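Written out below as structure tokens is the structure these notes cover.
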């Protein structure tokens with residue numbers, strides 16, 4: 001267990017309209033909303049699925065690095 005209350009390893013999990021970073025216990029640590037439709041994406045300030053996955057990877061790496069350093 002870390003200071004964040006998360007358990008390594010962290011995983012990236014994609015849903016229909018979101019991408020999440022989930023720990024080994026199933027706790028969602030981070031998520032972003034996504035949308036496949038460009039017009040709706042602009043109107044709702046959501047990301048594309050690809051951008052959401054990229055951001056989730058960055059967040060997972062940052063959280064993992066911080067947790068491993070203590």
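Key figures
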| quantity | calculated |
| --- | --- |
| Condition met for residue 26 (without any contact (Cβ under 8 Å) to a residue 40 or more places away in the chain and not in a helix (DSSP H, G or I)) | yes |
| Some residue of region 57-65 being touching a strand residue (DSSP E or B) at 6+ places or on another chain (Cβ under 9 Å), assigned to a strand (DSSP E or B) and surrounded by 11 or more Cβ atoms within 10 Å (Cβ to Cβ) | no |
| Identity of the residue in region 29-53, in a helix (DSSP H, G or I) and surrounded by 14 or more Cβ atoms within 10 Å (Cβ to Cβ), that ends up farthest from the chain's Cα centre (by Cα) | 41 |
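No lab work stands behind these numbers, since they all come straight from the coordinates. Given the structure is predicted, the values throughout are model-derived calculations rather than measurements. All Cβ positions, even for glycine, are placed from backbone atoms using ideal geometry, and neighbour counts span all protein chains on display.
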